[in-house]
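> Submitted below is the structure of interest, expressed as structure tokens.
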Amino acid sequence: MSDETRTESLAFLKYALERVVLAAGGSADHARYIADAISFAHIQGKLNQGLGVYEVIDLALKLGVLDMSATPEVINEGPAWAVVDGHGSSGYYALNVMADIAIAKARTSGIAIAYGGNHNDAGSFASYVYKAYEQDMMAMASNNTPPLAAPFGGMENYLSCPPFDAIVPSGSEPPIWASLKFAEFYDADISEAVLHNKPMNGKWLIDPESGELSDNAEPYALPFEGYGRVWGYSCGGQIETPRTYALNLWNEGMTAIANPIGIPVNQISDTDEFLAALDGKAEATTTVGGSYYLCINPGVFGPIDAVKAKSDDFVSTLRQSKTRPGHRIRIPGETAYNNLAENNQTIEVLTNHWQPFFENIAGQYGLSEASISSDFEALAQ
């Protein structure tokens, strides 16, 4: 552990998140969905999709675009598809509803898709696709985001930095599991770089005047008061390769353009508009324009054991192939899979996410780390 992270109890983190969601007016189901997804990101080791993403929930509440009491609703459906209106709820609630529907429909149809809209941020998508994996199914899922990246060769942010997860059934080997984003950075990378006085991982910051690239976030960072993860930035976001750019555009097509209730990223409020809305000078949109959850049930098309055996054989062959000197062969998602298998009850949390959550977010409901910890300890007795 470095001074950038702290080791904490997974059970306590979940309990604290649930307490804050309930205090904010969320139902018990809503609280569980949020706590499970954020905790899952910590198990994965995706710390920027962990506790700090609750700040997006808090921001959406302050903007008046999130209704913690709302329940997502299926507004249209067929044998292998559904459309879910989030009614202003969080994406954590909406994506769980969408996942459950798509998985249920794929049991008989083989393939099913659920589209979602009118909901807010859903954090990491790993826990949603893992639901399908637990049922011996494949899944891919994503949503779009506020404008955080520039078109390839451009200077202005008109593209999402979308989370994307996809997973394939496996047997004894780790699954084929993609868990990534379709741009180089988002707000959390800006805040982390500035707060810890370090460069970005690449020269991806596009100066709004010169168009020159930089890895120094300091001149462009726009802190949101009271938050340690959610910041704005005045620069453009460089997408490094045409491949990532193409995937970003394809994902926009899936999340918003083909989605009957989806809103494309160019119609979602940007960070400047969010800041203005906080001051009562503008109105903001939800923090997400649209989402999808695609589930495939290979067991409908052939024996599922054969699918698992082929996946295991493929992954095993990759892992046992010849390595370059000083390197090892990595399988995407392997760390998360191993962490889940080990059932470790401690996780790492970024320090700049921990304090704002308990002091600025929990504190507004009369809660604190000490009071939540006391209640948690009393339950364990």
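> Based on the Cβ-Cβ distance from residue 178 to residue 351, what FRET efficiency comes out when R0 is 35 Å, to the nearest 0.05?
Given R0 = 35 Å and the Cβ-Cβ separation, E is 0.75.
> A further question follows. Give me the distance in nm between label points sitting 7 Å out from Cα along the Cα-to-Cβ direction at residue 279 and residue 300, one decimal.
Calculated label separation equals 5.2 nm.
> Give me the Å³ per residue figure for the convex hull around the C-alpha atoms of the chain.
In the chain, the Cα hull volume divided by residue count equals 151 Å³.
> Students often forget the sequence filter, so: which aspartates and glutamates lie under 13 Å Cα-Cα from residue 181 once same-chain residues fewer than 8 apart are removed?
165, 189, 240, 252
> May I ask you to list the residues of segment 1-36 whose amide nitrogen lies under 15 Å from a point 7 Å from Cα along the Cα→beta-carbon direction of residue 375?
Backbone N within reach: 12-29, 31-32, 35.
> Can you classify segment 223-379 as rounded, prolate or oblate using the Cα gyration tensor, where a ≥ b ≥ c are the square roots of its eigenvalues, rounded means a/c under 1.5, and otherwise it's prolate if a/b beats b/c and oblate if not?
Oblate, because a/c is 1.5 or more while a/b does not exceed b/c.
> Could you work out [θ]222 nm for the chain from helices alone, using -39500 (n - 2.57) per DSSP H run of at least four and dividing by all its residues? Round to the nearest 500 deg cm²/dmol.
Result for the chain, helices only: -11000 deg cm²/dmol.
> If I take every Cα pair under 8 Å that is 6 or more residues apart in the chain, average their sequence separation and divide by the length, what percent do I get for the relative contact order?
In percent, rounded to a whole number, it is 23.
> Calculate the spin-label point distance for residue 225 paired with residue 74, positioning each point 7 Å from the Cα along the beta-carbon direction, and give it in nanometres.
4.6
> Sort 22-34, 210-222 by the packing proxy (mean of other Cβ within 10 Å over each peptide's residues), most packed first.
22-34, 210-222
> Tell me the net charge near residue 211. Cut-off is 15 Å between Cβ atoms, residue 211 excluded, with +1 for each Lys or Arg and -1 for each Asp or Glu.
Neighbour charge sum, excluding residue 211 itself: -3.
> Full-extension gain between residue 317 and residue 249, please, as 0.36 nm times their residue separation minus the C-alpha to C-alpha distance.
The span from residue 317 to residue 249 would gain 21.2 nm if fully extended.
> Tell me, what is a quarter of the convex hull surface for the C-alpha atoms of segment 65-119, in nm² with one decimal?
Projected over every direction and averaged, the Cα hull of segment 65-119 covers 3.1 nm².
> How many angstrom lie between the C-alpha centres of segment 109-157 and segment 28-88?
Answer, in whole Å: 12.
The numbers here are math on the coordinates, done by the rules we state, and not lab data. Given the structure is predicted, the values throughout are model-derived calculations rather than measurements. Glycine gets a Cβ as well: all are built from the backbone with ideal geometry, and neighbour counts include every protein chain shown.
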